[in-house]
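Step one of this worksheet: look at the structure below.
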Ligand code: HEC
């Protein structure tokens, strides 16, 4: 009886430790200083990019790029130009991404996304990254 108790406590703590490990990358998600409650004033020249970003990307990356339960924050050092240059954004939108940095799973190609959409949304994302001090 005593033995059984010890085993189940141990497996419980292993389960807890494991789930903490799995949740770790997700826990640091809120990387943007902006949120739905605290939106930045978007300069006019990025307004169209924001609109397209919201239509195609924010479902997973968050309205202000700070991530959701379905995708990582783009307001993160991983995604600054020196680490994920502009081609990574075209590739992601048009071809999808094999999960490698996080535990959200693969990013599927975004239905209906075109190069022109990325031409327009990318300057908005880069502006938002600069606003957040990412680079
Ligand atoms: C269905 C959810 C989803 C949507 C919609 C989505 N993404 Fe992603 N995206 C992800 C996930 C998940 C990853 C993380 C993959 C990983 O683990 O590295 C990711 C990663 C990325 C990356 C990193 C690419 C790399 O090479 O590591 C970029 C850039 C990106 N997304 C841009 C976009 C853009 C731009 C859009 C809109 C056109 C978009 N995403 C829409 C889920 C999504």
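What follows draws every value from the coordinates through simple rules; no lab data is involved. Computed from a prediction, not measured in an experiment: that's the story for all the values here. FYI the Cβ positions are ideal-geometry reconstructions off the backbone, even for glycines, and counts take in every protein chain you see.
Packing around the peptides 100-107, 37-44, 127-134, 70-77, taken as the average count of other Cβ atoms within 10 Å per residue, puts them in this order, highest first: 70-77, 127-134, 100-107, 37-44.
The three principal axes of the Cα atoms in the range 41-106 give end-to-end lengths of 35, 25, 22 Å, sorted in falling order. The simple spin-label model puts a point 7 Å past each Cα toward its Cβ; for residue 70 and residue 100 those points are separated by 2.4 nm.
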